[in-house]
Amino acid sequence: IFTMNPTCPIHKKSLKEDSVNITGKTKLVSKMWGKEEWLHLGDFCYKRIFIKAGTRTSLQYHEFKEEVNYLISGEARVLIGEEWFDIEENQYFYIPHGVIHRVEAITDVILQEVSTPEIDDCIRISDDYGRPSGRIESEHE
């Protein structure tokens, strides 16, 4: 059902067990639906995203940020544009800037996100917790 067609927003791929040791301090960002661990490296940003079962991220888009998310564990539904996709471990999806998207966790989910560095570029259309667009300072304490 999922192919490696680059125009398809979800891909299935098995990653190699390559290991690179990078030391540095991650930043923990608390979310109402879980948490994120951030690591910045120059022109891109890496996040490990934990989403609790039964919760979902904001319905949102980014003016500049682009991202690729790889599902490490769990099951989720992802809205990309106007289409919903069921995703499972070892699948990934691409979100170009300007595209509305949301992740709903069916089970506890761990996502690995790599994106362009505009990490506070979040225009929320709808949010279960009433959060406004942009950076939420209380999540960064």
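Please go through the range 22-61 and pick out each residue that is touching a helix residue (DSSP H, G or I) at 6+ places or on another chain (Cβ under 9 Å) and polar (S, T, N, Q).
SER30
Take the conditions at pLDDT 95 or above, open to solvent by 50 Å² or more (accessible area, probe 1.4 Å) and of a type in the set (A, V, I, L, M) and apply them to ILE100. Does it pass?
yes
How do the pairs read when you match residues in the range 61-75 that are surrounded by fewer than 18 Cβ atoms within 10 Å (Cβ to Cβ) with residues anywhere that are among the charged types (D, E, K, R), using Cβ under 6 Å and keeping only pairs 6 or more apart or on different chains?
GLU63/ASP121; PHE64/GLU118; PHE64/ASP121; SER73/GLU89; GLU75/GLU88
Given the structure, is ILE125 β-branched (Val, Ile, Thr), farther than 24 Å from HIS40 by Cβ and surrounded by 14 or more Cβ atoms within 10 Å (Cβ to Cβ)?
Working: β-branched (Val, Ile, Thr): yes; farther than 24 Å from HIS40 by Cβ: yes; surrounded by 14 or more Cβ atoms within 10 Å (Cβ to Cβ): no.
Spelling it out, it is not the case that ILE125 is β-branched (Val, Ile, Thr), farther than 24 Å from HIS40 by Cβ and surrounded by 14 or more Cβ atoms within 10 Å (Cβ to Cβ).
The values are calculated or read from the model by the stated rules, or taken from the named source; none is laboratory data. Just so we're clear, the structure is a prediction, and the values are computed from it rather than from any experiment. Here Cβ is always computed from backbone atoms with ideal geometry, including for glycine, and neighbour counts include all displayed protein chains. These area figures cover heavy atoms from the full protein model, side chains too; ligands, DNA and RNA do not enter into them. Shrake-Rupley method; radii C 1.70, N 1.55, O 1.52, S 1.80 Å.
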